[in-house]
1. Can we say L249 is out of contact with any Asp or Glu (no Cβ under 6 Å at 6 or more places or on another chain) and farther than 23 Å from T98 by Cα?
2. Among the residues of the range 293-316 satisfying the criterion of being among the hydroxyl-bearing types (S, T, Y) and touching a strand residue (DSSP E or B) at 6+ places or on another chain (Cβ under 8 Å), which is surrounded by the fewest Cβ atoms within 10 Å (Cβ to Cβ)?
3. Within the range 120-138, track down each residue that is within 14 Å of T318 (Cβ to Cβ) and loosely packed, with under 15 Cβ neighbours inside 10 Å.
4. Just to verify a result, which residue in the range 399-443, among those that are surrounded by fewer than 23 Cβ atoms within 10 Å (Cβ to Cβ) and in contact with a Pro (Cβ under 7 Å, 6 or more places away or on another chain), is farthest from R464 (Cα to Cα)?
5. If you go through the range 234-279 one residue at a time, how many are surrounded by fewer than 24 Cβ atoms within 10 Å (Cβ to Cβ) and assigned to a loop (DSSP other than H, G, I, E, B)?
6. Residues of the range 343-383 being free of Cβ contacts under 8 Å to residues at least 60 places away in the same chain and among the aliphatic types (A, V, I, L, M), which ones?
7. For the range 402-413, enumerate the residues that are in contact with a Ser or Thr (Cβ under 6 Å, 6 or more places away or on another chain) and part of a loop (DSSP other than H, G, I, E, B).
8. Could you check the range 299-327 and list, in sequence order, the residues that are of a type in the set (F, W, Y) and more than 14 Å from the chain's Cα centre (by Cα)?
Amino acid sequence: MTSDGALYLQLAQTIANAIRAGTLAAGERVPSVREMARQEGVSLSTVIQAYRSLEDAHLIEARPRSGYFVSARPPGLPQPETSRPPAASMPVDVSSLTTQVMRLATDPRYISFGAACPSAELFSQDRVRRAVSRATQRNRQSLCNYPLGVGEESLRRAIARHGLRMGCQLDARDVVVTNGCIEAITLCLRAVTQPGDIVALESPTYFGFLTILESLHLRALEIPTHPRTGVSLDALQLALDTQPVKAVLIVPTLSNPMGATLSLDDRARLAAMMSRHNVPLIEDVLYNDLAEHDDMRRAVKSFDTTGHVMMCGSFSKTVAPGIRLGWVEAGRWGAKVAALKAATSGAQTAVLELAMADLLTQPGTEASYRQLRATVAVRVDDARGIIAQSFPPGTRVTDPPGGFILWVELPSDVDSFELFRRCLAECIVFAPGTMFSATDRYRHCIRLGVGGRWDNAQREALRRIGEIASEMARVKRPPALGGAVHRPELVD
């Protein structure tokens, strides 16, 4: 995207924020295109593009011969309540449903909200292509050299500099480059646990974490989590005091699927808690650059003075999804993680590492982050408006301070798995809530990823999910029978 594109999106986001905050009320006239251009010192075309994006998000509407006005918005839906997972740890079995949803997420026959992946249109494809081309031209010999070691030095230095954005003083020599963030987290868990050990994590949590735990034969101890303020540190403290927790795995900024974000005080408290109990914290910072405010991007690692925080990240959501590179700075377990990496998968493709180093150190990187945040913020607001209009009464939805994931809590009599089946018949895909817990909880919840393609087809598909859920909510269901609860298997 061009700098002009970034400018119109920034303007659109400024206006959208004013509307959400009530500064611009429903029915209030928005400055004309000429007035706004003069007021903001931008071109007429920039304002027109901004207004069109706000119209697409149903935040403003054009009235013939009168100008633009703030649209009448449906009442905002409440957020879900703090989760209440069981106190005992659980074995994990979520792989079958996860595999089905992720496979359909890439099937062009389906409209998918199932994956938390940004679409190619959100990035400057030419910028990425040029970086890869430069890396290839300048380092042709690397294509014929077998890659060894923990990663290209230039990329590890770029990652260390990137850590400064999160308040961290990282030593590039301690950074290990990986095949994505999932491999980084897997290496950390392998370094600090044995099969049968307990790992504490948020509830609901990212299904990819549960898949890792399942593959390593680890037990999940789910900790109550608030949709806005994140994991309950009091509950985590109790778990550390009473159970043999061997590691804690969380996403402090824009957790997946809730979009929760810990306060700075809680981040400092969490780092001290891990040190006091001598338990490693595996911190996923994948979404930090998507947070709306600078203080939300500060990592727990920045408060770590004893090396108990293992920091994992990648740039697949913010720079170049197609360059599957991650990284880890594993604190006191750094040497063990590096050894496991060498034994498991070796080094990555040097050309791609050099291209990523180029992308991270280019002058326009920060502007690209701002543009991405502005684009997805308007999209998320649009989706929340559709949910408020189309989903059944009693629905709750998160309001995350960044990112492109929404967690929707439906009325308790709407089974998200049955809803998934009915939507699948109409070629619509989302992630049912049972994917995000080792228990059978969250059957009335769904996760929606709106980072993919976003146009009228997606909007209509989202409305259709709400319509089907509303039909289900109107049907009186018989009481559940007693006995064991079994997770249903998907069939094609």
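The values are calculated or read from the model by the stated rules, or taken from the named source; none is laboratory data. Since the structure is predicted, the reported quantities are computational estimates derived from the model, not experimental observations. Neighbour counts are summed over all protein chains in view; Cβ atoms, including those assigned to glycine, are modelled from backbone coordinates with ideal geometry.
1. Details: out of contact with any Asp or Glu (no Cβ under 6 Å at 6 or more places or on another chain): yes; farther than 23 Å from T98 by Cα: no.
No: the conditions fail for L249.
2. S316
3. As a first pass, look at the range 120-138 and keep what is within 14 Å of T318 (Cβ to Cβ): 120, 122-124, 127-128.
The one that is within 14 Å of T318 (Cβ to Cβ) and loosely packed, with under 15 Cβ neighbours inside 10 Å: A120.
4. The selected residue is T439.
5. Going through the range 234-279 one residue at a time, the tally reaches 6.
6. Taking the range 343-383 and keeping what is free of Cβ contacts under 8 Å to residues at least 60 places away in the same chain, we get 343, 363, 365-366.
Correct list: A343 only.
7. L410
8. Going through the range 299-327, the residues of a type in the set (F, W, Y) turn out to be 303, 315, 327.
Residues satisfying the conditions are F303, W327.
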